[in-house]
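Shown next, in structure tokens, is the structure this report addresses.
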Amino acid sequence: MSNAFFIDTTRCTGCRGCQVACKQWHDLPAEKTENRGTLENPPDLSFSTYKLVRMRETETDGKLKWLFFPEQCRHCIEPPCLETAQDESAIFKDDKTGAVIFTANTKNLFADEIIESCPYNIPRKAADGTLAKCDMCNGRVTNGLLPACVKTCPTGTMNFGDRDQMVSLAQQRLAQVSKRHNSAQLVDADDVNVIYLVSEAPALYYEFVMASAGSHGLSRHMALRKMASPFWRALRQLA
Amino acid sequence: MAIIQQLLGNMGVAGGGVNALRGEPNVQGSTDHCLLWHIWPGCLKTARASNTTLAAYNEKWTPSSKDPLSANWWQNYPKYSVSMLKSFFGEKADVANEFGYRWLPKVDDGAVYSWFDIFDAMYKETIKGFFAWGQNPACSGANANKTREALGKLDWMVNVNLFDNETGSFWKGPGMDPGAIKTEVFMLPACASVEKEGSITNSGRWMQWRCRGPKPLGDSLPDGDIILTLGEKIKEVYQEDGLYPEPIANLKWDYATDGTYDPHKVAKEINGYFVKDVTIKGKTYRKGTLVPSFAFLQADGSTSSGNWLYCNSYTEKGNMAARRGQEDAVNNIGLFPEFAWCWPVNRRIIYNRASVDAKGVPWDRKDWVVYFKGEEKDGKYVSRKWIGDVPDGGWYPLQNPDGSWRDDAKHPFIMRKHGHAQVFGPGRADGPFPEHYEPLECPVEKNFLNPQMVNPTAAVYATKADAHATCDPRYPYVGTTYRVSEHWQTGLMTRTQSWLMEMQPQMFVEISEELAELKGIQNGERVNLTSARGKVACSTVVTKRFKPFMMGGLTVHQVGIPWHYGWRWPSTGKEDSANLLTPSAGDPNTRIPETKAFMVNVVKV
């Protein structure tokens, strides 16, 4: 049984403690930013930003909602990036925790192909082509600690534990939240180890909340399967 | 809020009361120990000029009640004031010199010495020297341009802080001519809270002792060391040729161990000592031992206590604030009585006898605070026993189980003269009830709720730096200030942190989509925000969270700004404080500045 995150966005206040904790634990440098007319910053995930709280304002039925989405790698159960890479020294999965890990050897991969393979648009590359993303704080987790983002979260948004426990917590919260929010749902829960609960339509939070097929024009579920299929792999290798 | 909570019966109960959301973790502790001008430690009154003698002072501030059921706890006032004076002046304080009362400065009757008044006096050049101790007034106070100008009129300023800031470097700030400023500035680097030992007191009045973590960096020192050393030097100078040396020379100042500041000595001084052998109820307490609790303090000079409220915090049993017991009390409501220490006498919820009925039985049987469990005989209570929290006085309940009233009981609100909660009372400048007034600056020409436009007792100032503009077409929009989670206070500890600056890099103004359209402002565009007092450059955040609203038939636009920025960091020097815009107007009782509602304009650059 692997680990999983349960991220309850209905509890998120956008404090971004998780975003800083991630940088602190991984000792990642700050990016030079400016205020671009939003409180969301830095503007995107990057080689030195693995976690980013997306912020969107939306009005439904005259009611304002300020939606927060703490974005990170989903640690897919069948990771398309891993299948695409076909190089265990570059991308591998820790079967014990379920963490999908990128190493320095990602430098030898076709970075754009790996990025393209991700249905959630997560990996980012350095100037030399090395890829980086959330590593589930695997070093902390294998030593009995919570991931840094979960440890720091003051609201109960970020949860982490055995997958079955997280799934059950997610379902329990979904049942509660559904009473007040018709659109409440768990996002791609069967396919990923980072299960998000959203109370509004996923597209209102951010473009890549649900698995998408990127430029391939497939349905999201198809995309997940296709990415991982031997046929797709073969096609990629040919390319 | 206090009135509503009282009417709801939410006093002294679990989950009741009013929780003050403080801007610092130790606001409670600092005000307990005399941060504000109008009170001495332990909420004792600052002496007025008309309180010419200690006897007159005690007489003036000691209330009396003719109700035998009123504990009227402040009847003990002289015990606390004299013990405090003994703590200040030690052996130098005796009956003949009124325990040093005559050496203490008195405030003029009717005069106010708040933050605003200090900077007003500085601006008018009546205050010539200034210690900015762990503060950044050049950014933190309303009407910061006035403050910055006032700093330039000083002879000297000592800036005690972790880092250089807009206050210490005011003379080279925006619009300043360093060559024309005479103020001599001294920087004393202080270490951070985790680099020193001592206590903080949170808003729940829990005094929590904290050990030192890492050693202070470089030449920085705990502020205890700074003030101790300063005090020693000042005493030296006064002893040599002081004009009136007694108040300084006679100050008890023995808080060093091996040449450095010892926080335990100060904590013990705050708790207080028996300064001679004292026999109370047949038990003798030796000179030099710590006083067990304020019930033992005396008005004859035989005890000392720097702050009577904290008497019981550091006793012969040890440092109570350093306790880390993990057990909850019997009522299991999260009191954790052996974790740290709570004033008064480790009582976690004050006025807790208001949580029981006249027979001592909790109104709330589930989450009860205290419960009277004395023995009962023939329908009468015959022994006293309360369980749960430390009761607010251990007297019998007002009523016996058979319904008869007792004459040895006390009303629950023991700090009130007559023992009862008060919906209103004397002492408020604008009392007895709250009333709606328009802010000093507002977009409408009349108060729609009552004929009086603005609070007639509000504090306003009259220098040329105190400009106001109400219903003025030059400043048509309502401005308000707030905080963001990424920065703290004036940002001195956060604007230097790259991870936090990555998230909140620049001063910004939030405006509605409607106002953006009206003014032709693009999201993210730099604009100037102006008021009658100043100008601040901001990045625009166009948001649905601000909406125009109707007021007296007018469409009113409101804009919002955070207050954490200053020109010193980030190094571009282009971000500055929201307080350049805010008015120096304060509420009549506490001088809380009116930074939540004032008038501004949004100007395209």
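Observations, loosely collected:
- Evaluated with a Cβ-only charge set (Lys, Arg +1; Asp, Glu -1), the protein assembly as shown carries a dipole of roughly 1260 debye about its Cα centre, given to the nearest 20.
- With pairing defined as another cysteine C-beta under 4.7 Å, the cysteines of chain A that fail it are A:Cys12, A:Cys15, A:Cys22, A:Cys76, A:Cys81, A:Cys118, A:Cys137, A:Cys153.
- Label point 7 Å beyond Cα of B:Thr463 along Cβ direction - residues of the stretch B:528-561 with amide nitrogen under 18 Å: B:532-535
- Cα-projected label distance for B:Asp408 with A:Leu64, points at 7 Å along beta-carbon direction, nm: 6.2
- Segments B:68-78, B:254-264 sorted - mean Cβ within 10 Å per residue, highest first: B:68-78, B:254-264
- Global size of the stretch B:331-461 as Cα Rg and Dmax, reported in angstrom: 21.8, 70
- Label positions at B:Glu91 and B:Asp587, each projected 7 Å from the Cα along the C-beta direction, are separated by 4.8 nm.
- Under Karplus coefficients 6.51, -1.76 and 1.60, residue-wise ³J(HN,Hα) of the stretch A:3-11 in Hz, glycine/proline x: 8, 8, 9, 10, 10, 8, 5, 5, 9
- Once the convex hull of all Cα atoms in the stretch B:435-522 is built, its volume per residue stands at 184 Å³.
- Candidate residues A:Tyr50, B:Tyr437: accessible-area rank, largest first, probe 1.4 Å: B:Tyr437, A:Tyr50
- Over the stretch A:1-71 - Rg/Rh using Cα atoms and the Kirkwood inverse-distance radius: 1.02
- Net charge, B:Tyr261 excluded, C-beta distance under 10 Å - Lys, Arg +1, Asp, Glu -1: -2
- For the listed peptides B:144-150, B:123-129, B:380-386, B:338-344, a ranking on the average number of other beta carbons within 10 Å per residue, highest first, reads B:144-150, B:338-344, B:380-386, B:123-129.
- Zero-based 10 Å bins, Cα pair distances in the stretch B:251-324, whole percents: 20, 50, 26, 4
- B:Glu513 versus B:Lys574: modelled label distance in nm, points set 7 Å from Cα along the beta carbon direction: 2.9
- For B:Glu376, neighbours were defined as the other residues whose beta-carbon sits under 14 Å from its Cβ, and their charges (Lys and Arg +1, Asp and Glu -1) total +4.
- Once Rg and the Kirkwood radius are both taken over the C-alpha atoms of the stretch B:137-254, their ratio Rg/Rh works out to 1.04.
- Averaged over the residues of B:524-531, the number of partner chain Cβ atoms lying within 10 Å of the residue Cβ comes to 1.
- Per-residue Karplus couplings for the stretch A:145-160, computed as 6.51 cos²θ - 1.76 cosθ + 1.60 with θ equal to phi - 60°, are listed in order as 9, 6, x, 4, 5, 6, 4, 8, 5, x, 10, x, 5, 8, 10, 8 Hz, Gly and Pro entered as x.
- Value of Rg/Rh across the protein assembly as shown [Cα atoms, Kirkwood radius]: 1.01
- Mean partner shielding of peptide A:35-44, defined as the number of other chain Cβ atoms within 10 Å of each residue Cβ, is 6.
- Relative contact order for the stretch A:47-161, counting Cα pairs under 8 Å that sit 6 or more residues apart, in percent: 22
- Long-range HN-HN contacts of B:Val185 with modeled amide H, under 5 Å: B:Met157
- Long-range tail of P(r) for the stretch B:47-95 (Cα pairs > 17 Å, %): 44
- Other protein chain Cβ atoms within 10 Å, averaged over every residue that makes up B:538-544: 4
- Projecting the Cα positions of A:Phe102, A:Pro70, A:Thr84 onto the charge dipole of the stretch A:6-141 (unit charges on Cβ atoms of Lys, Arg, Asp and Glu, taken about the Cα centre) puts A:Pro70 furthest along the positive direction.
- List A:Leu39, B:Leu162, ordered by accessible area with a 1.4 Å probe, largest first: B:Leu162, A:Leu39
- Gyration tensor analysis over the Cα atoms of the stretch B:89-132 returns equivalent ellipsoid semi-axes of 30, 13, 8 Å (largest first, whole Å).
- Annotation: Cα Rg of the stretch B:2-256 relative to the compact-globule expectation 2.2 N^0.38 Å equals 1.17.
- Theoretical FRET efficiency, 1/(1+(r/R0)^6), r = Cβ-Cβ of B:Leu554 and B:Leu8, R0 35 Å, to 0.05: 0.45
- By accessible area with a 1.4 Å probe, ligands and nucleic acids excluded, highest first: order of B:Lys464, B:Lys233, B:Lys153: B:Lys464, B:Lys233, B:Lys153
- Residue of A:Phe92, A:Phe69, A:Phe110 that the Gaussian network model of chain A assigns the largest fluctuation, springs spanning Cα pairs under 10 Å: A:Phe110
- Accessible surface buried at the B:A interface totals approximately 1900 Å², computed with a 1.4 Å probe on protein heavy atoms.
- Volume of the convex hull of chain B (Cα atoms only), normalised per residue: 196 Å³.
- Each of B:Thr490, B:Pro562, B:Val509 was placed along the dipole of the stretch B:459-604 (beta-carbon charges, centred on the mean Cα), and the one lying farthest toward the positive end is B:Thr490.
- Among beta bridges from DSSP that stay inside the stretch B:459-604, the antiparallel ones total about 65%.
- Computed from the C-beta positions of A:Asn105 and A:Ser168, the FRET efficiency with R₀ = 41 Å rounds to 0.65.
- Cα Rg, Dmax, chain A, angstrom units: 17.3, 52
- Taking the DSSP beta bridges with both ends in the protein assembly as shown, the antiparallel portion is around 70 percent.
- Two-site FRET efficiency, B:Met415 against B:Val112, from Cβ-Cβ distance with R₀ of 22 Å, rounded to 0.05: 0.35
- For the protein assembly as shown, the solvent-accessible area of protein heavy atoms averages 47 Å² per residue (probe radius 1.4 Å; ligands and nucleic acids excluded).
- A simple count of charges around A:Thr130, restricted to other residues whose Cβ falls under 14 Å of its Cβ and scoring Lys, Arg +1 and Asp, Glu -1, yields 0.
- ³J(HN,Hα) computed for each position of the stretch B:544-561 - Karplus, 6.51 cos²θ - 1.76 cosθ + 1.60, integer Hz, glycine/proline x: 6, 6, 9, 9, x, 9, 8, 8, x, x, 9, 7, 10, 9, 10, 10, x, 9
- Residue among B:Val158, B:Gly218, B:Pro263 farthest towards the positive dipole end of the stretch B:145-284, charges placed on Cβ: B:Pro263
- Cα pair distances in the stretch B:459-604, grouped into 10 Å bins until the bin that holds the longest one, percent each: 11, 40, 35, 13, 1
- Each DSSP beta bridge with both residues in chain B is either parallel or antiparallel, and the antiparallel ones are about 65%.
The values are calculated or read from the model by the stated rules, or taken from the named source; none is laboratory data. Being a predicted model, the structure only gives us computed values, none of them experimental. Please note: Cβ atoms are built from the backbone with ideal geometry, for glycine as well, and neighbour counts cover all protein chains shown. Note: areas computed on protein heavy atoms with side chains; ligands, DNA, RNA excluded. Shrake-Rupley method; radii C 1.70, N 1.55, O 1.52, S 1.80 Å.
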